[in-house]
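Presented below is the structure to which this report refers.
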Amino acid sequence: AWWIASRRGGLVRWTPDETRHIEYSTAEFPRPAAALFEDRDSRLWVASRDGSVFLQENGVFLPQFVKTQVPSKVRSITQGTDATLWFGGTQGLASFAGGVVRKFGKAEGIGDLDITVLQPFPGGKIIAGSTSGTILLGDQQGFTTLPVPEIINHQWISGILVISAKEIWISTLGGGLLFWNGQQQWRAFGADDGLPDERLTCVLEDAKKNLWLGSLSGIIRVDPKELIVRLREPESAVHWLRLDHTDGLPSRECIGGFQPSGWRARDGRLWFPTGGGVVRVRPDLVERNTVAPPVFLQSVKANGVPYVGERGPVTMDPGRARMEFRFVGLSFSAPEKTTYRARLKGLDDAWRELGNQRIAAYEAVPPGKYTFEVMAVNGDGVRSAEPASISVMVRPHLWETPWFYMSGGALVLSGAAGTGWFASRQRLKARIQLLRIHSAREGERSRIARDLHDDLGASLTEISILSALAAEDAENSVLQPSLQQLSAKSKSVVSSLDEIVWAVNPREDTLRSLVEYLAAYAREYLDSARIPMRSEVDREIPDQALAASKRHSVFLAAREVLNNIVKHSGASEVMLQITFVDHSITILIQDNGKGFALDYAESGNGLGNLRSRMQEVGGDCRIETRLGRGTSVFLTLALQGSDKLAS
């Protein structure tokens, strides 16, 4: 039988044959459970959130510490080797043995801490973690604060797994995974070590000694032996497996903050609470894909002209050179998780991480000999055994050839030859400088998008979750409305940040990206407004380059139309239609609302600004409306054969 606590209050007792809801509290305002624990006598303890601790006896839950203030507001419960029960929470730490309650304070090494995790430790000790990143170790005689790395300070300790006295793994909500050897050695594993998400909610161990981590972006598995090897060999590989919604998770966010936030059952299965329900994983069915994914070049374009050949070299005429490489990696177990890394040896020898993008383009490549290489990486971090490669040569102009420079040197006494040689050198330097500026600009856009998504986005998500937890902890407090407002504001800023990242990212400078993002945004926005939407999107939308300014302006215009529908139309249904005909894209947004008088509305700024925005990027806006008959807005943008990307 399984006991499951939800934020709605009460408990659910679940078996394969029955699901039964049980209220453990008869108070006027029952609270949800914050911690569950079964002691050695198979008695179930339940700590209510910011309230009392209950014990199940003869099928009835009874409060246990009604005559004392402690323990209460408990987050975690555990039992030591001497049968002593330990309770940790917002009021610190307390023990219960022989019918006596004892509170641990500053004299016992416990300051003003909010305890989040308690676990037994070899030698009859207890190890505890807190919301501020403090880790304690001790017993009835007192506790000692362990010296954790600076990176863990002020990070929420979400889980502790004690393998032995010399191997302890600690998960944090923002600081990654922490290893402690029980003595002086500490090591934090984070993004630099390949950890997919540093916001961890729990840490478990399966029967094969693998570590399983709940996180805000899915369930992560790693072999601790690889982490131990990396302690000695910093360049050794670590293979992280992440399960997300593509593997069947109803929600990619595992829930944490109270204990237990993950559980290993007696049959070896692992249980994780998520925002969409409880997830059960069979570790024996999740095998690591050790097959190196082969990678193949599909096509090469040189200055827009397709090249036919397997190994090259691809030879281009003198002048400004644009190269475009398309490739594909084969991974049959989880193809959607395949990512790529590429480089153009001779221009940028460092590998570029492309994510799941299967195209690499290089602008204004100067004359020279190059080799393009690309590798695929499967979902378990295994790279291709050999990169796919092709040699490229950009032929120089006459004045860019070595023999011309030699001739110019021989004719240095001739003023005309000297002037020509100097002009050639200046043009070559200008091309190289333009290439560096363009590469730096594109790299800076990518860096800004990545930093906004990975750093600011992750921090805002963490703020939203922590403020939501704090609001629940501050129930019936004067701070609760402010904390709830902070949580709502954080979620709103995260949504706005997603749009900014999309607008800035140069990888999204395509027509297809605009169509896919607009359709997804419209559905999500109208769903939140409870307005049904029908969509008809042309399947033949080409993957054509589209300048960032045009892409963003069209999206802002469409967003303004959707905003007007929600605010003013009173519509009960909206249709979104996107078509591509004769190198022109048309976006129709139609509602069945009350309509409006077009002549009167055009006297304001709203419709005029809408038309101006489209005209600035070479498009047009047409509006058809009648009172009581709804409104249709047509946004049209004519596309050139090769729309130049803008930074």
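The values are calculated or read from the model by the stated rules, or taken from the named source; none is laboratory data. What you are looking at is a predicted structure, and each value in this text was computed from that prediction instead of being measured. As a convention, Cβ positions derive from the backbone with ideal geometry for all residues, glycine included, and neighbour counts pool all protein chains shown. Heavy atoms of the whole protein, side chains included, go into the accessibility calculation; ligands, DNA and RNA do not. Shrake-Rupley method; radii C 1.70, N 1.55, O 1.52, S 1.80 Å.
Being modelled with pLDDT of 85 or more, assigned to a strand (DSSP E or B), under 17 Å from F296 (Cα atoms) and within 33 Å of the chain's Cα centre (by Cα) is the requirement here; does Y362 meet it? So that I can check it myself, show each step before the final result.
Numbers: modelled with pLDDT of 85 or more: yes; assigned to a strand (DSSP E or B): yes; under 17 Å from F296 (Cα atoms): no; within 33 Å of the chain's Cα centre (by Cα): yes.
No.
If I go through segment 365-405 residue by residue, how many of them are of a type in the set (K, R) and at pLDDT below 80?
The initial filter retains those residues of segment 365-405 that are of a type in the set (K, R), namely 369, 383, 395.
Pick out the ones that are also at pLDDT below 80 and you get 395.
Counting residues in segment 365-405 that are of a type in the set (K, R) and at pLDDT below 80 gives 1.
What number goes with the only condition from (1) crowded, with 17+ Cβ neighbours inside 10 Å; (2) over 24 Å from W3 (Cβ atoms); (3) among the hydroxyl-bearing types (S, T, Y) that T315 does not pass?
The number of the failed condition is (1).
Within segment 138-157, is there a residue that is among the hydrophobic types (A, V, I, L, M, F, W, C) and without any contact (Cβ under 8 Å) to a residue 24 or more places away in the chain?
In the first step, residues of segment 138-157 are kept if they are among the hydrophobic types (A, V, I, L, M, F, W, C); the result is 143, 146, 148, 151-152, 156-157.
Subset that is without any contact (Cβ under 8 Å) to a residue 24 or more places away in the chain: none.
The answer is no; no qualifying residue exists.
Could you tell me whether any residue of segment 551-558 is of a type in the set (A, V, I, L, M, F, W, C) and in a loop (DSSP other than H, G, I, E, B)?
So in segment 551-558, the residues of a type in the set (A, V, I, L, M, F, W, C) come out as 554-558.
Among the residues that remain, those that are also in a loop (DSSP other than H, G, I, E, B) are: none.
So far as segment 551-558 goes, no, none of its residues is of a type in the set (A, V, I, L, M, F, W, C) and in a loop (DSSP other than H, G, I, E, B).
Within segment 254-266, is there a residue that is free of Cβ contacts under 8 Å to residues at least 40 places away in the same chain, open to solvent by 30 Å² or more (accessible area, probe 1.4 Å) and either touching a strand residue (DSSP E or B) at 6+ places or on another chain (Cβ under 7 Å) or not hydroxyl-bearing (S, T, Y) (or both)? Give the steps one after another, and end with the answer.
Filtering segment 254-266 down to residues free of Cβ contacts under 8 Å to residues at least 40 places away in the same chain leaves 265-266.
The next check asks that each one be open to solvent by 30 Å² or more (accessible area, probe 1.4 Å); those that pass are 266.
Add one more test, that the residue is either touching a strand residue (DSSP E or B) at 6+ places or on another chain (Cβ under 7 Å) or not hydroxyl-bearing (S, T, Y) (or both), and what stays is 266.
Scanning segment 254-266, I find at least one residue that is free of Cβ contacts under 8 Å to residues at least 40 places away in the same chain, open to solvent by 30 Å² or more (accessible area, probe 1.4 Å) and either touching a strand residue (DSSP E or B) at 6+ places or on another chain (Cβ under 7 Å) or not hydroxyl-bearing (S, T, Y) (or both), so the answer is yes.
Applying the selection to segment 195-252, what residues are of a type in the set (S, T, Y) and free of Cβ contacts under 8 Å to residues at least 60 places away in the same chain?
We begin by selecting, within segment 195-252, every residue of a type in the set (S, T, Y); these are 201, 215, 217, 236, 246, 251.
Listed by number, the residues that qualify are S215, S217, S236, S251.
Could you list all residues from segment 30-58 that are open to solvent by 40 Å² or more (accessible area, probe 1.4 Å) and without any contact (Cβ under 8 Å) to a residue 40 or more places away in the chain?
The answer is P30, E38, D41, S42, R43, S52, Q56, E57, N58.
Look at R322 and say whether it is over 26 Å from the mean Cα position of the chain (by Cα), open to solvent by 30 Å² or more (accessible area, probe 1.4 Å) and charged (D, E, K, R).
Details: over 26 Å from the mean Cα position of the chain (by Cα): yes; open to solvent by 30 Å² or more (accessible area, probe 1.4 Å): yes; charged (D, E, K, R): yes.
Spelling it out, R322 is indeed over 26 Å from the mean Cα position of the chain (by Cα), open to solvent by 30 Å² or more (accessible area, probe 1.4 Å) and charged (D, E, K, R).
List, please: which pairs have Cβ atoms under 9 Å, are six or more places apart or on different chains, and start with a residue in segment 615-639 that is at positive phi and end with one that is of a type in the set (G, A, S) and part of a helix (DSSP H, G or I)?
Here the result reads G630/S569, each pair linking segment 615-639 to a residue that is of a type in the set (G, A, S) and part of a helix (DSSP H, G or I).
Taking into account only those residues within segment 63-84 that are touching a Leu at 6+ places or on another chain (Cβ under 9 Å) and assigned to a loop (DSSP other than H, G, I, E, B), which is surrounded by the fewest Cβ atoms within 10 Å (Cβ to Cβ)? So that I can check it myself, show each step before the final result.
Taking segment 63-84 and keeping what is touching a Leu at 6+ places or on another chain (Cβ under 9 Å), we get 63-64, 71, 75-79.
Of the ones still in play, those that are also assigned to a loop (DSSP other than H, G, I, E, B) are 64, 71.
Values: Q64: 18, P71: 26.
Ranking the candidates gives Q64 first.
How about segment 284-312: which of its residues are at pLDDT below 80, small (G, A, S) and surrounded by 11 or more Cβ atoms within 10 Å (Cβ to Cβ)?
Within segment 284-312, G312 is the sole residue that qualifies.
Would you mind stating whether R523 is of a type outside the set (V, I, T), surrounded by 15 or more Cβ atoms within 10 Å (Cβ to Cβ), touching a helix residue (DSSP H, G or I) at 6+ places or on another chain (Cβ under 6 Å) and at pLDDT 80 or above? Let's see the steps before the verdict.
Working: of a type outside the set (V, I, T): yes; surrounded by 15 or more Cβ atoms within 10 Å (Cβ to Cβ): yes; touching a helix residue (DSSP H, G or I) at 6+ places or on another chain (Cβ under 6 Å): no; at pLDDT 80 or above: yes.
So R523 fails the test.
Before we move on, is G182 outside any strand (DSSP E or B), under 28 Å from G381 (Cα atoms) and not basic (K, R)? Walk me through it before giving the result.
Numbers: outside any strand (DSSP E or B): yes; under 28 Å from G381 (Cα atoms): no; not basic (K, R): yes.
So G182 does not fit the description; no.
Only one residue in S130, S76 is among the polar types (S, T, N, Q), more than 16 Å from W45 (Cα to Cα) and modelled with pLDDT of 90 or more, so which one is that?
Values: S76 fails: more than 16 Å from W45 (Cα to Cα).
Residue meeting the stated conditions: S130.
Are there any pairs, at least 6 apart or on different chains, whose C-beta atoms fall under 7 Å, with the first in segment 295-309 and aromatic (F, W, Y) and the second open to solvent by 70 Å² or more (accessible area, probe 1.4 Å), and if so, which?
Y307/K301
Please verify whether L93 is in a strand (DSSP E or B), open to solvent by less than 70 Å² (accessible area, probe 1.4 Å) and closer than 17 Å to G142 by Cβ, treating the condition exactly as stated.
yes
Read through the list (1) touching a residue at least 12 places away in the same chain (Cβ under 8 Å); (2) open to solvent by 70 Å² or more (accessible area, probe 1.4 Å), then give the number of the only condition that I22 fails.
So the condition that I22 fails would be (2).
Could you figure out which of (1) surrounded by 14 or more Cβ atoms within 10 Å (Cβ to Cβ); (2) modelled with pLDDT under 90; (3) touching a Ser or Thr at 6+ places or on another chain (Cβ under 9 Å) isn't true of V328?
(2)
Could you count how many residues in segment 21-60 are basic (K, R) and at pLDDT 90 or above?
Residues of segment 21-60 that are basic (K, R), as a first pass: 31, 40, 43, 49.
Subset that is at pLDDT 90 or above: 40, 43.
Looking only at that region, the number is 2.
Out of everything in segment 96-126 that is assigned to a loop (DSSP other than H, G, I, E, B) and closer than 16 Å to D139 by Cβ, what residue ends up being least open to solvent (accessible area, probe 1.4 Å)?
First, the residues of segment 96-126 that are assigned to a loop (DSSP other than H, G, I, E, B): 98-99, 105, 109-114, 122-124.
Filter once more, so that each one left must be closer than 16 Å to D139 by Cβ: 98, 105, 109-110, 122-124.
Details: G98: 86, G105: 22, G109: 30, I110: 1, P122: 59, G123: 80, G124: 35 Å².
Once the filter is applied, the top-ranked residue is I110.
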